[in-house]
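Structure provided below as structure tokens; questions to follow.
All of the numbers you see were taken from the coordinates with simple rules; none came from a lab. Just so we're clear, the structure is a prediction, and the values are computed from it rather than from any experiment. Cβ placement follows ideal geometry from the backbone for every residue including glycine, while neighbour counts extend to all protein chains displayed.
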Amino acid sequence: MNSCDLLERFVQQNIAILGDNLVGIYLHGSAAMGCFNAEKSDIDLIVVVKSELPKEIKREYMDMVVKLNNEAPAKGIEISIVRETVCKPFVYPTPFELHFSIAHLNWYQSNPDEYVDKMKGTDKDLAAHFTVIRHRGKTIYGEEIKNVFSSVSKEDYFDSVWNDIKGARIEIIDNPTYIEQIEFQSYIFR
């Protein structure tokens, strides 16, 4: 299945599960910046909602994401769900309602109740993701980017990127594509 078909199904299932709570779905990362590689890239998405997600909705949502992840490129889908109140005005470090990446797949599959209870908090990476969305992102569904996301300060953005690359000298050996993408993102404000 190609990525466009996968994204269309993802949108339709978000509408079905989240209903009126859904503000929008936004593509960022390599797919939005034109450097997607099906063998090395994941599909990066931010989903914005109006209000907190109940546990039963999180379980239904995660079941949907895991099922679609089976049809995704090798690195899978990476998604964060955030409330619109943390997007505009921007809050840092940014609270999130739910997060998923292939790195968390085994945890969800082995203990889904624990996962939906504990996969909530703050994520400094979201400052970089929101910046990419504002500069290069794509609205997949819902409100326009400029209406949902306010600017991220240079200080918050660089702290976010630094948080990601501080171990790059060691990590670049194991994950050169990811480290190079972060380095590319650091030029957005230059």
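Would you please name the trypsin sites (Lys or Arg not before Pro) within the stretch 1-53 that are DSSP coil residues with at most 14 other C-beta atoms within 10 Å of their C-beta? Numbers along the way, then the final one.
Working: sites: R9, K40, K50; in loops: K40, K50.
Taking the stretch 1-53 and a limit of 14 other Cβ atoms within 10 Å, the loop trypsin sites (Lys or Arg not before Pro) found are K50.
Pull out the extension gain between L105 and D5, defined as 0.36 nm times the separation in residues minus the alpha carbon to alpha carbon distance; nm, one decimal.
On the way: separation 100, 0.36 × 100 = 36.00 nm, distance 2.20 nm.
Contour length minus the Cα-Cα distance gives 33.8 nm.
OK, next. Suppose the Debye formula is applied to equal point scatterers at every Cα of the stretch 3-185; what is log10 I(q)/I(0) at q = 0.10, 0.11, 0.16, 0.19 Å⁻¹?
Here the Debye-derived log intensity ratios amount to -0.37, -0.45, -1.02, -1.49.
Cβ under 15 Å from D156's Cβ, D156 left aside: what net charge do those residues give with Lys, Arg +1 and Asp, Glu -1?
Details: positive: K88, K124, R134, K154; negative: D123, D125, E155, D159, D164.
Taking every Cβ under 15 Å from that of D156, the sum is -1.
Continuing with the same structure: Students often check this: by mean Cβ neighbours within 10 Å, which of 54-66, 24-36, 101-113 ranks highest, and how do the rest follow? Before the final figure, lay out the partial values.
On the way: 54-66: 16.6, 24-36: 20.1, 101-113: 13.2.
The peptides rank, most packed first, as 24-36, 54-66, 101-113.
Counting only other residues whose beta carbon sits under 12 Å from that of R134, what net charge do I get with K and R as +1, D and E as -1?
Working: positive: K88, R136, K138, K146; negative: E144.
Charge balance near R134 sits at +3.
Note the full-extension length gain between N163 and E144 as 0.36 nm times their separation in residues minus their Cα-Cα distance, in nm to one decimal. Before the final figure, lay out the partial values.
On the way: separation 19, 0.36 × 19 = 6.84 nm, distance 2.85 nm.
Here the segment from N163 to E144 would lengthen by 4.0 nm.
For the pair H135 and N70, what calculated FRET efficiency results from E = 1/(1 + (r/R0)^6), where r is the Cβ-Cβ distance and R0 = 25 Å, to the nearest 0.05?
Working: r = 31 Å, r/R0 = 1.26.
In this case the efficiency is close to 0.20.
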